[in-house]
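Below you'll find the structure, written out as structure tokens, and then a few comments.
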């Protein structure tokens, strides 16, 4: 199995040190005491310093985002297969907790019905007019991390919620190159370009587009959780459009009634 031991900066540093050695060796052997020897000596010193700089400040290559995006794929697919085998067909609702709380519940109804007013703290909800399955959103641990490390607090209102989603995706977590949100009636459109974990999304959607709305993962779950808690209304993802050329997502989030 092929294994990469050096990154580009380390290889460049080794090349520069080798070049410095050759230049200084040439200047020493020529020993002409003229402008040529001086030029070779100065170039050798410059190459040596560049090599040392590159080796000193080089860092290991980060985890390949395309490979990392494949890790949760089968988990999402398997969960949705189990849900479907239980006769559940609806799209997941993301239900906010207490006002000001970032805690969000995920509820998958048997049909495309509204979520119940109260959801018990166990997985299978069989009482009431809207039976279904209660899950923990995939983005729950990411939001916990944002609260601990970055001081994330629940946004209040539409503008703060939109700005929070955009800032987290673009700047804090750097999940994508650009992100934009806009309101369209009872829906919010989340547009993401240059999504770094796009390969995993494409595999999940290739298995079945229904998985992306029945139990959203990754950036879709993160956006839905923030919008639900910030707008204080249940939300669900009804449609996701994907563009392979630009690694882009267009997520249609439907707002429920508070």
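Some notes on this structure:
- Within the range 68-170, strands (runs of 3 or more DSSP E) holding 1 or more residues that are surrounded by 15 or more Cβ atoms within 10 Å (Cβ to Cβ) and under 20 Å from the mean Cα position of the chain (by Cα): 93-96, 104-109
- Among the candidates 257, 221, the residue that is part of a helix (DSSP H, G or I) and in contact (Cβ under 8 Å) with a residue 24 or more places away in the chain is uniquely 221.
- Filtered residue count, the range 162-182, keeping only those that are out of contact with any strand residue (DSSP E or B) (no Cβ under 8 Å at 6 or more places or on another chain) and either closer than 23 Å to residue 256 by Cβ or in contact (Cβ under 8 Å) with a residue 60 or more places away in the chain (or both): 3
- Every residue from the range 224-243 that is over 19 Å from the mean Cα position of the chain (by Cα) and part of a helix (DSSP H, G or I): 229, 230, 231
- The set of residues in the range 198-209 that are in contact with a helix residue (DSSP H, G or I) (Cβ under 7 Å, 6 or more places away or on another chain) and either without any contact (Cβ under 8 Å) to a residue 60 or more places away in the chain or surrounded by fewer than 20 Cβ atoms within 10 Å (Cβ to Cβ) (or both) comprises 199, 203, 205, 207.
- The residue that is modelled with the lowest pLDDT, counting only those in the range 105-130 that are in contact with a strand residue (DSSP E or B) (Cβ under 7 Å, 6 or more places away or on another chain) and closer than 23 Å to residue 209 by Cα, is 115.
The values are calculated or read from the model by the stated rules, or taken from the named source; none is laboratory data. Not measured: the values here are computed from a predicted model. Counting neighbours? That spans all protein chains shown, and the Cβs are built from the backbone with ideal geometry, glycine included.
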